[in-house]
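Following: one structure in structure tokens, then a few remarks.
The values are calculated or read from the model by the stated rules, or taken from the named source; none is laboratory data. Everything numeric here is computed off the predicted structure, so don't read it as measured data. Don't worry about glycine lacking a Cβ; one is built from the backbone with ideal geometry, like all the others, and counts go over all protein chains shown. Just the protein is used for accessible areas: all its heavy atoms, side chains included, with ligands, DNA and RNA removed. Shrake-Rupley method; radii C 1.70, N 1.55, O 1.52, S 1.80 Å.
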Amino acid sequence: MEGFIRFTNQTQGRDRLFRATQYTCMLLRYLLEPKAGKEKVVMKLKKLESSVSTGRKSNVNRVIYFICDTILWVRSVGLASGINKEKWRMWAARHYYYSLLLSLARDLYEISLQMEQAAHDRAKREKSLSQEPLGYSVADEETEWLQSFLLLLFRSLKKHPPLLLDTVKNFCDILNPLDQLGIYKSNPGIIGLGGLVSSIAGIITVANPQMKLKMH
């Protein structure tokens, strides 16, 4: 209980919980909408999702996205009715999308470095086990190249859980702006599930700082 209290006392911790709740509501609403007799529950979930979304406006890490998102919030509460909601919503989605692309590019670069190190370590182990020169590698066989690549990827991510967690989080996050910008249309169920997974990953990094990716 003390750990939970410390977690919720952090601004990031509260935001992660709000975010998880928001996307859980979205996912449940998507699952219940087709079913008859669930209209009241769906409406309550929609209101809760909207309320939690509004409560999250105090902590958005990306500066430009924060500005756009805050302007949308100002309009939603009726403080400035003349704001073009669709325009600012698209601006927010676009800058969030660019930010996530950069984050994913960083993750891929880190993964490539870890895979390179894993391949180097494997080559050293193979060389120490054999006195013969290494004139053959599994990557030389076209049919085994993919298997070798996936094995290196698995070992690299298994050895670095924060990198895996950050990559999964960013990949799940990007589903929402992809849908909003019309780049890849999805549905509330997939977006809600992705948002929930991302929120859980965020909660883990706040609760356990050692799981937060540290850049070299």
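Points to keep in mind about this one:
- All conditions in (1) open to solvent by 60 Å² or more (accessible area, probe 1.4 Å); (2) among the small types (Gly, Ala, Ser); (3) closer than 29 Å to MET90 by Cβ hold for ALA207, with the sole exception of (3).
- Residue within the stretch 131-149 that is modelled with pLDDT of 80 or more and open to solvent by 60 Å² or more (accessible area, probe 1.4 Å) present: yes
- Count of residues meeting criterion [touching a His at 6+ places or on another chain (Cβ under 9 Å) and either part of a helix (DSSP H, G or I) or β-branched (Val, Ile, Thr) (or both)] in the stretch 178-216: 0
- Number of positions in the stretch 1-46 that are at pLDDT below 80, surrounded by 11 or more Cβ atoms within 10 Å (Cβ to Cβ) and outside any helix (DSSP H, G or I): 2
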